[in-house]
Amino acid sequence: MIYRIIQKRKIFLTLSTLALAAAVLALIFWGLNFGIDFTGGSSLEVQFTNYQPTIAEIQDSLKSADLHNLVIQPTSNSYILKFKEDSETAHQAAVGDLAALAAAHDGASFKELQFDSVGPSIGQELKSKSFNATVIVFIMIIVYISLAFRKVSKPVASWKYGLAAIIALVHDLLFILGVFALLGHVFKVEINTPFIAAVLTVLGYSVSDTIIVFDRIRENLPKSQEDFENTVNRSLNQTLTRSINTSFSAILALLAILFFGGSTIKDFALALAVGIFIGTYSSIFIASPVLVIWDKLAHRAKA
Amino acid sequence: MSLAQRFAKLSVRAKAWWILGLIIIFALVVILTVGSNYYNNFSQRLADKTNHIIVLPPIKPISFSLGLDLVGGTRLVYSADVGNIPESDRASALASARDVIERRVNAFGVSEPVVQVNKSTARGYQIVAELAGIKDINAAIKMIGETPILEFKEEAPNQPAATSTPATAEVTTDSGTSTVTLTPTETSQNPADIVWQNTELTGKYLKRSVLQFNPNDGRPEVALEFNAEGAKIFEDITTRNVGKPVAIFLDGYIISAPTVNEAITGGKAVISGQFTVEEAKLLVTRLNSGALPVPISLISQKTVEASLGSQSIANSLKAGLIGLLLVSLFMILYYRLPGFLSVLSLLIYGFTVLAIFKALPIWLALILIVIMVGLIFYTFNDLKIFNGTLALLFAIIGILLFVYALKPVTLTLSGIAGFILSIGMAVDANILIFARTREELKQGKSVSQAVDAGFKRAWPSIRDGNVSTLITCLILIFFGTSTVKGFGTTLFIGISVSLFSAIVITHTLFVVILGDWLEKRTWLLGVRKAKAEGAEVGESNK
């Protein structure tokens, strides 16, 4: 049986347009919740045993440390404190106050699990590095696709394959950013450097998924007796199982990290899983339909 | 007949058995490399139980290199202010600042600290210190941040009116070893009243200092040894200051001001002040760690408590095993017999990647990579799709893997995530091949023809798909920070090895088990024979 994916392209394109519009709105109104990697500041994870202070108690105890923009997030067995100061003095003052809080309660003990501090200059540097890496990934992908498809010219020029793949990539990028703007707004999920790694990996993955569909189109075109639209649709159907199965196995591995890998790596696995899902979606429902629309537009222009 | 000719005359099946033998040896080597500790424990117990009748040869254990977020420790990033240092001297100043920090950290008792200089984009230089397993991070930060400055000063020409008699210090010269003992001149003029001026001699020229005890009165003293350049300068200073005091300043405080009796050659001197043993020890440590030639300031730190690190290791291990189990189950349930073969390949894949993460001796790395690349070439040649581009691609991958096999890949949380993700992606090539094989079967081909076509036809897609992910990984490795780099590295190694495991190992296993028995049982490949005969699944089906 053959799924009429290309024929029903309007449904998928409308769906994606709506999703992307929502993503853009989320980005405009909520923006991304950048973590200390980009904004600078400190993040301190502490654990109390035999005593669970309330957030207000922690806040009170830290008064003398005079921390700015203090945010306290309780996790299952610890507290994560975030503040603007990035100096070692502020760190020691905070740790000292919290230790004093624990000491004031019988039998309670206190442990510092994790501390990160990032100066503003590093944050700036990470921003520009991330931006550069993203631009380079895009450039490399364009170069790679145009090399891989240089021999395909009929009925759609090879550069159009490249551009269709890029449209799918931009689609994926906007979607992930939108999802994380939402997650940042609702669940305070932050954007740190691992997120950038996840996004770049997803871009590479998404394009490889798209290339495999295009490869099949390229293979089918010379011997096909059908028109372009149906050839593309048949190619899509032939690669559909593979696309879904590959993503499924990668997402299985990521779900294992998400549920068992510990809290530190959770957001990273989530970004990868969301990205791989949407990357697969776009290579099936966006990239190929865009090719067909292009072909139709070209015909209309000629007619 | 040469070995190669003899091999060429073998049947396809016989060749595959030979290749399988090689793969099994390869698998044993990587498994033993990864589980060297388990093997050594086992052989020890075996020897004990059998009264040393069965004694297996021990393997030199190689351990994984674990990152700070897994073992606990701290990573400190300092920005180095090179504004006052001329362009040409910056590299050497930074290098010696690096050495100084490393010495200070060593004095603190950290095992295998990593200290390196990074040129950061546009914002000058950074010095990064990674201290694994350190307990008192605050003290370490203080220790590194301190900038003791060792200076040798002489009397300025314009002195305030002398208030006391000239120095009457006792200076003895042992011409044999050119060791000079300078005794502080506490009885004479108060050094604090003298106006001092700098000499060229600073801590930079100090080769080393050691704590020793005066043979006469057993008091602790500090012996200094200058490098060649320093010895020359010291000689000049003592020559022009005969009969006058020369002061040793640390951090701007005078610690000793002995008077020079004669020029000192050989570059060795002893400071014998009123030290307690503890003070002398501290002074030696500080002198040895020297002064930082470049002012530094802490701009970032990342500290992980050891218990959190071990928790992360346990979590990652669990996630990895569950991930492997889920992917294996999926492959077997969906693809049946081929799925089972791909799981066997996946297991060898896992051990190979883990072996490459360790720092292998050069001969072992060479053997593993040569077997991998050689078998890839052989398999592609066998499938008749071998060409120059392919040879170049695998030559590059082989060289990169070889380099990674030689040095340890530091495993961090994100790196392990990359490895676990690569388990999920490693089956991609197999999924492509099996999907293609099923299609060919449905078109009525025999199992062996379908398998052959499946491998052949799936290759362009495998190549194009994986190369773009590999390129992304390389960009992550070159442009990322350490977290991103770790992830890119493990994913790169994973995907590279998966090309070997998914194509070579799976193909060999397939060829070995192919036969008439399988032609009759196509359900093992997920296709009903009845369908394979029918043509309705063929070309156009709208």
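What the table shows:
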quantity: From phi via Karplus (6.51, -1.76, 1.60), per-residue ³J(HN,Hα) for segment A:43-49 in Hz, x at Gly/Pro; calculated: 9, 10, 10, 10, 10, 10, 10
quantity: Residue exposure sequence - B:D217, A:D86, B:D99 - by fewest surrounding Cβ within 10 Å; calculated: B:D217, B:D99, A:D86
quantity: Net lengthening on full extension, A:A100/A:N220 (0.36 nm per residue, minus Cα-Cα); calculated: 36.0 nm
quantity: Cα centroid separation, segment B:399-461 to segment A:138-181 (Å); calculated: 23 Å
quantity: Amide H contacts of B:G67 (H built 1.01 Å from N, under 5 Å, at least 5 apart or other chain); calculated: B:L411, B:T412
quantity: GluC sites (Glu not before Pro) restricted to segment B:419-522 and DSSP loop, no more than 11 other C-beta within 10 Å; calculated: none
quantity: Kirkwood Rh (inverse of mean 1/r, distinct Cα pairs), chain A, angstrom; calculated: 22.1 Å
quantity: Whole-Å distance, taken between Cα centres, linking segment B:502-516 and segment A:1-61; calculated: 45 Å
quantity: Gain upon complete extension [B:K244, B:E279; 0.36 nm per residue less C-alpha separation]; calculated: 9.9 nm
quantity: Centroid-to-centroid separation of segment A:206-246 and segment B:1-70 [C-alpha atoms, Å]; calculated: 42 Å
quantity: B:R208 long-range amide H proximity, modeled H, under 5 Å; calculated: B:E225
quantity: In nm, spacing of pseudo-spin labels at A:K127 and B:N227 (7 Å Cα→C-beta vector); calculated: 4.1 nm
quantity: Amide hydrogen neighbours beyond the local backbone of B:V260, cut-off 5 Å, H modeled; calculated: B:G243, B:K244, B:V246
quantity: Over 18 Å (Cα to Cα) - which of B:K384/B:K442; B:K15/B:K520; A:K160/A:K223; B:K153/B:K244; A:K151/A:K296 fall in this group; calculated: B:K384/B:K442; B:K15/B:K520; A:K160/A:K223; A:K151/A:K296
quantity: From phi via Karplus (6.51, -1.76, 1.60), per-residue ³J(HN,Hα) for segment B:473-481 in Hz, x at Gly/Pro; calculated: 4, 4, 5, 4, 5, 7, 10, x, 7
quantity: Per-residue [θ]222 nm for chain B (sum of -39500 (n - 2.57) over DSSP H runs n ≥ 4, rounded to 500); calculated: -18000 deg cm²/dmol
quantity: Potential lengthening between B:V114 and B:D81 on full extension [0.36 nm per residue; Cα-Cα distance subtracted]; calculated: 9.8 nm
quantity: Label-point separation, A:Y51 to A:A157 (7 Å along Cα→Cβ), nm; calculated: 7.3 nm
quantity: At R0 = 22 Å, FRET efficiency that the Cβ-Cβ distance of A:S76 and B:L317 yields, to 0.05; calculated: 0.65
quantity: Segment B:62-73 - phi-based ³J(HN,Hα) in whole Hz, Karplus 6.51/-1.76/1.60, Gly and Pro as x; calculated: 10, 9, 6, 9, 9, x, 4, 6, 9, 9, x, x
quantity: Rough spin-label spacing in nm, given labels placed 7 Å along Cα→Cβ, for B:I513 and B:A95; calculated: 5.8 nm
quantity: DSSP loop chymotrypsin sites (Phe, Trp or Tyr not before Pro) with at most 16 other Cβ within 10 Å: longest gap in chain A; calculated: A:52-303
quantity: Beta bridges per DSSP with both ends in the protein assembly as shown, % antiparallel, nearest 5; calculated: 90 percent
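No value in this document is a laboratory result; all are computed from the given coordinates. Here the structure is a predicted model, which means the values were calculated and not measured. Counting neighbours? That spans all protein chains shown, and the Cβs are built from the backbone with ideal geometry, glycine included.
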